[in-house]
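The values are calculated or read from the model by the stated rules, or taken from the named source; none is laboratory data. The structure displayed is predicted, hence computed values, not measured ones. Cβ placement follows ideal geometry from the backbone for every residue including glycine, while neighbour counts extend to all protein chains displayed. All accessible areas refer to the heavy atoms of the entire protein, side chains included, with ligands and DNA or RNA removed. Shrake-Rupley method; radii C 1.70, N 1.55, O 1.52, S 1.80 Å.
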Amino acid sequence: MRALVVANPAATTTTGRVRDVLVGALASELKVDLADTTHRGHARELGRQALADGFDVVVALGGDGTVNEVVNGLLTDGPGAHVPTLAVVPGGSTNVFSRALGRSRDPVEATGEILDSLRSDRTRRVSLGVASATGTSTAPLRAADPGTAAAVAEADAAADDGWTDPRWFVFAAGLGFDADVISRVEAQRARGRRSTGALYVREATRAFVLGRERRRPAMTLSVPDSDDLDGLFLCLVSNVSPWTYLGTRPVNPSPEATFDAGLDVFALGRMGVLRMLHHTRQVLARRPDARGRGVHRLHDLAGLELRASRPQGWQLDGDHLGTATGLRVRSVPEALRVVS
């Protein structure tokens, strides 16, 4: 059995030692090739090449961004029996997809679990999501002159009336507030800050308290056979539960989401600070069940569309992709075989 290890040396917790231990362990039972990523999008290129070269297994060592890129490479031509099986070793700060598959948070232990599963042929097919955006721009909404940045994003959106090529996501998509928080965190990381739960909390608090989106919600959600939901400032699309983690603590707005069903949505309308704190406590609870005025939850959707009256940040699997004024999302059942 041939395996390709795609390792991201820039991932938060990935080290050369971990990579070497992983490769050594896998090589005891598999024919292993190793490829380190060197630039954004490289893991996607490597996944596409693994598909063309007929590898049996591709092992992603990195964070959720690395996994997303590998999956998009593997599914270049869509799902099918010809697609290599995916295994994931956690190497990022959050590792939502790996943890959703039941992998240990320790990469060495996770490698042992993968080998045990391969010996026993424990694999499964999981549903994934695909998303396309319209009105897109890569201009940041926050810059030295925020007004100018917003104007550039709006001009780009007006010039772009088509939809981007579909892109796969493994656990989450979003338009609006959550993407804004991710953008803020990425800006801090670019300045040398380490990605931590505390950093996300701080930037989310600033975005909510100081931002305008919750006061002037711009988004509308459309789902087939249902009335539109207007006045939304946040819309999280989940393919699995939980949506993310703050360290070891799950953030779980859509507790019914699962790889074996369609997509779940958690959306919020206009609200103040106290009500937002209340709903935050609900999604962090041991038995999460966020409900109340302004909360919208939908389960097991085949597809949905979001529209915004002005550019909003959008993200897939925690990767900020710029701004957009529309997002189309659909679920693809049994899209990929993974080591379970």
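Once neighbouring chains are kept in place and the probe is 1.4 Å, which whole percent of the accessible area of segment 218-303 is contributed by carbon and sulfur?
Carbon and sulfur: 50 percent of the exposed surface of segment 218-303.
Place a +1 charge on the Cβ of each Lys and Arg in the chain and a -1 charge on the Cβ of each Asp and Glu, then give the dipole magnitude about the Cα centre in debye, rounded to the nearest 20.
Its charge dipole is roughly 1400 debye.
Residue by residue through segment 262-274, what is 3J(HN,Hα) from phi via Karplus (6.51 cos²θ - 1.76 cosθ + 1.60, θ = phi - 60°)? Round to whole Hz and write x for glycine and proline.
Karplus-based 3J(HN,Hα) across segment 262-274 equals x, 8, 10, 10, 10, 10, 10, x, 4, 7, x, 5, 5 Hz.
What residues from segment 278-295 fall in the zone where the backbone N is under 17 Å from a label point 7 Å along the Cα-to-C-beta line of residue 205?
278-282, 284
Enter the Cα centre distance for the pair segment 33-111 and segment 204-270, rounded to the nearest angstrom.
Each part's Cα centre sits 26 Å from the other's.
I'd like the FRET efficiency for residue 15 and residue 261, computed as 1/(1 + (r/R0)^6) with the beta carbon distance as r and R0 of 56 Å, rounded to 0.05.
0.95
Between residue 104 and residue 297, what's the calculated FRET efficiency when r is the beta-carbon distance and R0 is 30 Å? Round to 0.05.
Here the calculated transfer efficiency is 0.45.
Determine how large the accessible area of residue 14 is when every protein chain is in place; take a 1.4 Å probe and give Å² rounded to the nearest 10.
Its accessible surface works out to 20 Å², give or take rounding.
Which whole-number value in Å² is the accessible area per residue of the chain, probe 1.4 Å?
Result: 44 Å² per residue.
What is the chain's relative contact order, in percent, from Cα pairs under 8 angstrom and six or more apart in sequence?
21
In whole Hz, with x marking every Gly and Pro, tabulate ³J(HN,Hα) for segment 201-218 from phi via Karplus 6.51 cos²θ - 1.76 cosθ + 1.60, θ = phi - 60°.
4, 4, 6, 5, 5, 5, 4, 6, 6, 9, x, 9, 4, 6, 7, 10, x, 10
In square angstrom, rounded to the nearest 10, how much accessible surface does residue 163 have for a 1.4 Å probe?
Surface open to solvent at residue 163 totals about 80 Å².
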